Amino acid sequence: MSEFVTFTNEFGHSIDMSREDYQKKIIPHNLDLYWDQKEKLRDFAMELVKEQFHEQAAVAADRLLELYGPIESALIFRAVVHMQAREFDRAKAILTDCLERFPSSGTACTNLAKVYAFEGDEAKAFETLNTGLHKDPNQENGLNMYVESFLSGGRKEELKERLKALAGLEGAWRPQLHLARVALTEENLLKAMHWYDQAIEGAKDRFEVVMTVTGELGQAGYVYQLIQICEKYWSPDFPFPYAGFNYANALIATDQKEKAIAILRTMQEHLPDNYKPMVDHFLLRVPGAQEVEAAAAQKVADSQTADSAHKKSWWKFWK
């Protein structure tokens, strides 16, 4: 655990402060400031959990239960805070109550599985995790635990069959991502691309999955497959620029610098203002990018001049 906490103040500046000062000065102020503001208090409570301020996170979690009532997310968050403080009996009680209220909660099952694992009951933990994933097969945290449990035991073939079963559930897309990753480790690129396609097609927030898939293909060095995915699924109006950067890197790696610059500039027009400068910074690191843009601009200017001259001579002819 770091002795310092990094946070953003009300002016948008990033501040580093000792844990002691943060606990004395910032936490009481923010708890008081956000006490009646559900969303802001929730976000701050998440930061408290992340930074492991157990007692203060518990205060925030209790207040969130008062503000929201016993809804699924508030109950699970309160249980997570108990788990972080190693209050496993309390966490188990809340999660059990949550499942009675919300029987379809896969997230509650996953967190209950963590409690059983902490208690050393591996069989109960796996059974509960498996149940949770059949309720909601797209839980990132739950699937990571599930995959690790099989791989650490050398049961990859069984894992693939289990993931295929999860992938067949209605609305599932994240198990397909894991199947693609397994296929990549086996150097079965054709199978990996099949599962990546299935994951993207099935996801509601497609832009996030495209970002993930292009990042994984790029890291594995499959730039042509990355380009293939982007040409099929990428859009310049995605809310984040990262998939576009992956696309541009692949194009540059395959000697398509001009096309890379064009897609980045098109993307820049659609990005929120806080992301627009990232495109300029990206291009500053691309050797020869300025010359390519200058040449493209000159080409457009020459074309416009030629068109203007053509129109003028045509007008004179008919005048």
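No value in this document is a laboratory result; all are computed from the given coordinates. Everything numeric in this text was worked out from a predicted model, so none of it was measured. Glycine gets a Cβ as well: all are built from the backbone with ideal geometry, and neighbour counts include every protein chain shown.
Points to keep in mind about this one:
- Toward the positive end of the charge dipole of the range 153-204, with +1 on the Cβ of Lys and Arg and -1 on the Cβ of Asp and Glu, the farthest Cα among A167, G153, A199 is that of G153.
- For the chain, the 222 nm mean residue ellipticity estimated from helices alone, with every DSSP H stretch of n ≥ 4 adding -39500 (n - 2.57) and the total spread over all residues, rounds to -23000 deg cm²/dmol.
- Surrounding net charge for R63, when Lys and Arg each add one and Asp and Glu each subtract one, Cβ distance under 14 Å: -3
- Sparse-neighbourhood loop sites, chymotrypsin sites (Phe, Trp or Tyr not before Pro) in the range 213-277 - DSSP loop, at most 13 other Cβ within 10 angstrom: none
- Gain in span if fully extended, E161 to S18, counting 0.36 nm per residue against the direct Cα distance: 46.6 nm
- Each Cα pair under 8 Å and six or more residues apart adds its sequence gap; the mean of these over the residue count of the chain is a relative contact order of 6 percent.
- Taking L284, L226 and counting other C-beta atoms within 10 Å, the order from fewest to most: L284, L226
- Residue order, fewest to most beta carbons within 10 Å, for C98, C230: C230, C98
- Global size of the range 221-296: 11.7, 31 Å for Rg and Dmax (C-alpha atoms, Rg to one decimal, Dmax whole).
- Per-residue 3J(HN,Hα) values for the range 11-18, derived from phi via the Karplus relation 6.51 cos²θ - 1.76 cosθ + 1.60 with θ = phi - 60°, read 9, x, 8, 7, 10, 9, 9, 4 Hz in sequence order (x marks Gly and Pro).
- For the chain, the longest principal axis of the C-alpha atoms and the axis of helix 140-151 are separated by about 80°.
- Summarising the amide proton neighbourhood of S18: residues at separation of 5 or more, or on other chains, whose placed amide H is nearer than 5 Å comprise V5.
- Local electrostatic count, A117, Cβ distance below 14 Å [Lys/Arg +1, Asp/Glu -1]: -1
- Using only side-chain charges placed at the Cβ, +1 for Lys and Arg and -1 for Asp and Glu, the dipole size of the chain relative to its Cα centre rounds to 1120 debye.
- With neighbour counts taken as other beta-carbon atoms within 10 Å, the residues S235, S152, S105 rank, fewest first, as S152, S235, S105.
- Backbone HN-Hα couplings from phi across the range 206-219 [Karplus 6.51/-1.76/1.60, Hz, Gly and Pro as x]: 4, 4, 5, 6, 4, 4, 5, 5, 5, x, 5, 5, x, 5
- Under 5 Å between amide hydrogens, built in the peptide plane, is the criterion, and for E51 it picks out nothing among residues at least 5 positions away or on other chains.
- Among the GluC sites (Glu not before Pro) in the range 134-196, those located in a DSSP loop and surrounded by at most 16 other Cβ atoms within 10 Å of their own Cβ are E170, E186, E187.
- In this rough spin-label picture, where each label sits 7 Å from Cα along the Cβ direction, the H54-L169 distance is 3.2 nm.
- Normalised by 2.2 N^0.38 Å, with N the number of residues, the alpha-carbon radius of gyration of the chain equals 1.32.
- Volume in Å³ per residue [convex hull over Cα atoms, computed for the range 153-204]: 65
- The chain: angle of helix 242-253 to the longest principal axis, Cα-based, in degrees nearest 10: 50
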